[in-house]
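The structure under discussion appears below in the form of structure tokens.
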Amino acid sequence: MIKPLFDLLGADTATVIGFYSSVAVFTMCLVSIYKQLKQGFNFKFNILIGGSVGSLIGGYLGELLVGLAIQSLSDNMVQRIQASLLFVTLAIILLYAFYKSRIKHYTIDNWLVATVIGLVLGTISVFLGIGGGPLNVSLLLWLMSFTMKEAAVYSIATIFFSQLSKLGSLYLSGELSNFNLTILPYIIVASIMGGYL
């Protein structure tokens, strides 16, 4: 929702919109993880660590792909590619939702598979500039046979680490100076409120 709404406003470039979206998603993840830990949710640490490592690497790769796309294509073309891929992603999620009873599900409790899932989801979500929650949940339900609540919590952890990787890359490269940071407090406060709601 966040990235397409920023695109709809059309006030900034794909890079700036991606940054604002990442800050919002990262803040909401912090709130959600805090709430889950406070409620006593017990993570499977092999899955959490595998997914987190994969997400960190995926977040870096996604940001690298965005940078390459922006260097070689117009800003308008990058936004069109992102919108098209987002549409395909949403279509896959809808198909899964409608036909999940006919789809064979797997129970994979393996850190290596969790790492690969984190890598793929981290790359896609950062490249698209989205959190990727619905895609993450669908994939985790399909491959890990989690309950909806478990899938949602592990999805948040995956999103957290992919966005951490993206924001960390921007900080280390010194690119934060390219953004208008005065708007960040408003985004962060709104995201905290959204996370609690």
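The values are calculated or read from the model by the stated rules, or taken from the named source; none is laboratory data. What you see is a predicted model; the values in this text were computed from it and never measured. In this analysis, Cβ positions are derived from the backbone assuming ideal geometry, glycine residues included, and neighbour counts consider all displayed protein chains.
One residue is enough: does segment 153-165 have a residue meeting the conditions in a helix (DSSP H, G or I), farther than 21 Å from Tyr60 by Cα and either of a type in the set (D, E, K, R) or modelled with pLDDT of 80 or more (or both)? The answer is yes; a qualifying residue exists. Checked against (1) under 15 Å from Ser165 (Cβ atoms); (2) in contact (Cβ under 8 Å) with a residue 24 or more places away in the chain, Asn46 passes all but condition (1).
Give Leu56, Leu86 a once-over and let me know the one that is farther than 24 Å from Val113 by Cβ, surrounded by 14 or more Cβ atoms within 10 Å (Cβ to Cβ) and among the aliphatic types (A, V, I, L, M).
Leu86
Apart from one condition, Ser145 fits all of (1) modelled with pLDDT under 80; (2) hydroxyl-bearing (Ser, Thr, Tyr); (3) in contact with a helix residue (DSSP H, G or I) (Cβ under 6 Å, 6 or more places away or on another chain); the exception is (3).
Between Gly51, Gly67, the distinction of being surrounded by 14 or more Cβ atoms within 10 Å (Cβ to Cβ) and in contact (Cβ under 8 Å) with a residue 12 or more places away in the chain belongs to Gly51 only.
Just one of the numbered conditions (1) at pLDDT 80 or above; (2) closer than 21 Å to Leu37 by Cβ; (3) in contact with a Phe, Trp or Tyr (Cβ under 7 Å, 6 or more places away or on another chain) is not true of Ile192: (3).
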